[in-house]
Amino acid sequence: MADDVYMVGRHAPADSPAHKLYLWIECLHEILDRFVDQFTSEGWKHDYSARELPELEEHLLDFCKGDDGSDSNAMFIESVAVYLGETLLEEAGGRWDWDESAGTDGLPVVCPDPVLGLEPVVPLLVVGQAIKERTGKVFATVARLLRKAVRDRQREHPEWWPKRVPTPWVHYGCLFRAADTAYRWQNAGMIDYLDWWAEEAGGRERWNFTLKSLDLLETLLRESFPTVEDYHEASDEPFWAMAAWYLGKCIVECKDAQWQYRGINPDAPPGTWHAEDCYWAGAVFVNQRLRYDGHAELLPVMLRDVVAGESLRDVVDRFPDRVPEREYVWGEPIWPSALWELVRPEHLETPALPPLTGEELKELEKADDLEGPDWEDNHRLNAWLAERRAAFPAWAEEAGGGLAEWDFSPESLDRLENLVRGAFRTYEEASAAKDAPFLVGAAWYFGEVQVRECGAVWRWCPRPADEPGMFDVPMVAGPVPEPEDGHVPYDDDPDDDLDEEDDEYAYICDPMGGLRALFLPESDEGLRNALESYRRRARAR
């Protein structure tokens, strides 16, 4: 469990590797949330897939060509390193760890699944190598090296898949919710509420996001609340919630801050950064998150402090003033000086990846296009199919008639149906024998007839499910329907209805399930009906 590995260092000595690892894990949501909210385009999928790494490296090299003297380049590099690390964990399993010997004073590393016997990868150093070499191939190479190690092991163990320790609170769903919640505090809809609030507070012309308007807000607070307790009782009312929004908007505009939201993780241990008792969790706040010396505040707290006697201008000045804009200096991508504390330039001289010859690199690229494991071509499926083909002659003899009788013809499905019905009396009996050689061979034969007669293809999820399920079995699927006017049915389109009666639906069959279904009371269709299903869809198209 993540808590066992990552949270163990929470109470460790401050300078220990375990405590540094804990602090690193706690920072990852903020780093990746900033990556989504500030540094990536709306179309970025953020699914930690290897196929996106070349694009990510290209974006890195382009982003770092210019330098305006701000902290944005360093923060972007950190974000890329975290994203790269999470992607490598998806590929090779394992977990984050802390290496005291890396960089200047220790760095986070990705340790692949121990079964692979690989050395840890230091994502920040890999990013540094990418910036230094400028080939655009560094990220893809590190991913391909890990994937090669996984493939090599899967050739011997087809059912094996690398195991990883989940990193808390970094999946895209929680990052999207955080960015979306913060966005709602800055979108045009809030202006409608501002108009109402401003009229209630003395007229729209008074509230123009200037320092003078902050003096008016301070006066309004002091006149309305004699004590902090009085403010607390009214702080959730719409009028004062909008007053807090107005103050936040002034800081966003004048101090170059951003709206931010940190959601509550119900599984987070108490006292950690996403637990319900965390100071920042469950509330929108303003944060100068694009500078290392930036400040953050909860909006109601700032108003409370004014009621308690502080000047509102002094409260706002807790945020450092906006850094004067500097002219961009264009040139080759460079390593930002803000990262020298973590990795000085001399640490980038030694490549983070093992050196590869040009021929070795070509072989890696040829063997792996970085796409996700193919459901129709993967070690798990291919090993199962090879095993079934090798066992088929013996199965055919045992079933009676040998290869001459079992010729993969439509008519042979009638013989297969009679054979299976004669071997079992009930659905429960057939289900109990689903792993026995006879029924496994029968299921393969049923699917193979569909492959040879109807152009279907075998499919199986490359990654074994954490828990066995009815869908984690070899299946056959009919040919994908031809797109019409550029539209591919069910291609991540939420408006497409996955209705089996739809003419565009690609027929999918679970052969083992089809054999067991012969014993269901409501079943009145034989195995040959599967072939007719393909033909019906072909005629409809």
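Miscellaneous remarks
- Any chance ILE31 is in a helix (DSSP H, G or I), modelled with pLDDT of 95 or more and either under 23 Å from GLU346 (Cα atoms) or of a type outside the set (A, V, I, L, M) (or both): no
- Residue match in the range 104-112 (condition: out of contact with any His (no Cβ under 9 Å at 6 or more places or on another chain), within 23 Å of GLU365 (Cβ to Cβ), at pLDDT 95 or above and part of a helix (DSSP H, G or I)): no
- Close Cβ contacts (under 6 Å, 6 or more residues apart or on different chains) running from residues in the range 393-405 that are open to solvent by 70 Å² or more (accessible area, probe 1.4 Å) to residues that are not hydroxyl-bearing (Ser, Thr, Tyr) comprise LEU403/ALA396.
- Subset of the range 130-152 (residues that are surrounded by fewer than 18 Cβ atoms within 10 Å (Cβ to Cβ) and assigned to a helix (DSSP H, G or I)): GLU133, LYS148, ARG151, ASP152
- Some residue of the range 49-68 being open to solvent by 10 Å² or more (accessible area, probe 1.4 Å) and farther than 29 Å from ASP369 by Cα: yes
- Verdict on VAL329 being open to solvent by less than 80 Å² (accessible area, probe 1.4 Å), β-branched (Val, Ile, Thr), under 26 Å from SER70 (Cα atoms) and in contact (Cβ under 8 Å) with a residue 60 or more places away in the chain: no
- The residue pairs whose first member lies in the range 281-308 and is within 18 Å of MET242 (Cα to Cα), whose second member is open to solvent by 20 Å² or more (accessible area, probe 1.4 Å) and among the hydroxyl-bearing types (Ser, Thr, Tyr), and whose beta carbons are closer than 6 Å, counting only pairs six or more residues apart or on different chains, are VAL284/TYR261; PRO300/SER235.
- Candidates PRO462, PRO474 - the one that is open to solvent by less than 40 Å² (accessible area, probe 1.4 Å) and at pLDDT 90 or above: PRO474
- Looking at GLU86, GLU55, GLU78, just one residue is among the charged types (D, E, K, R), at pLDDT 95 or above and more than 28 Å from ALA268 (Cβ to Cβ), and that residue is GLU55.
- Residue ID - nearest to the chain's Cα centre (by Cα), chosen from residues in the range 437-452 that are open to solvent by less than 50 Å² (accessible area, probe 1.4 Å) and more than 15 Å from TRP384 (Cβ to Cβ): GLN450
- Contact annotation: residue pairs with Cβ atoms under 9 Å, 6 or more positions apart or on different chains, pairing a residue in the range 217-228 that is of a type in the set (D, E, K, R) with a partner that is not in a helix (DSSP H, G or I), are GLU218/SER311.
- Counted residues, the range 508-535 - those being touching a Phe, Trp or Tyr at 6+ places or on another chain (Cβ under 7 Å) and either open to solvent by 30 Å² or more (accessible area, probe 1.4 Å) or within 11 Å of ARG421 (Cα to Cα) (or both): 4
- Filtering the range 286-298 to residues that are in a loop (DSSP other than H, G, I, E, B) and open to solvent by less than 20 Å² (accessible area, probe 1.4 Å) leaves GLN288, ARG289.
- Across the range 100-150, the number of residues qualifying as out of contact with any Leu (no Cβ under 9 Å at 6 or more places or on another chain) and aromatic (Phe, Trp, Tyr) comes to 0.
Residues are listed down the side, and each one gets a yes or a no for (1) among the acidic types (Asp, Glu); (2) assigned to a helix (DSSP H, G or I):
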position: VAL420; (1), (2): no, yes
position: ARG425; (1), (2): no, no
position: GLU429; (1), (2): yes, yes
position: ALA442; (1), (2): no, yes
position: GLU448; (1), (2): yes, yes
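- Residues in the range 256-294 that are of a type in the set (Gly, Ala, Ser) and over 24 Å from the mean Cα position of the chain (by Cα) were compared, and the one that is modelled with the lowest pLDDT is GLY271.
Matching residues to (1) within 17 Å of ALA130 (Cβ to Cβ); (2) within 29 Å of the chain's Cα centre (by Cα):
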{"residue": "ILE334", "(1), (2)": "yes, yes"}
{"residue": "LEU339", "(1), (2)": "yes, yes"}
{"residue": "ARG344", "(1), (2)": "no, no"}
{"residue": "PRO351", "(1), (2)": "yes, yes"}
{"residue": "THR357", "(1), (2)": "no, no"}
{"residue": "ASP374", "(1), (2)": "no, yes"}
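- Each residue in the range 411-430 was checked for being surrounded by 15 or more Cβ atoms within 10 Å (Cβ to Cβ) and not aliphatic (A, V, I, L, M), and 5 pass.
The values are calculated or read from the model by the stated rules, or taken from the named source; none is laboratory data. Everything numeric here is computed off the predicted structure, so don't read it as measured data. Don't worry about glycine lacking a Cβ; one is built from the backbone with ideal geometry, like all the others, and counts go over all protein chains shown. With ligands, DNA and RNA removed, areas are computed over all heavy atoms of the protein, side chains included. Shrake-Rupley method; radii C 1.70, N 1.55, O 1.52, S 1.80 Å.
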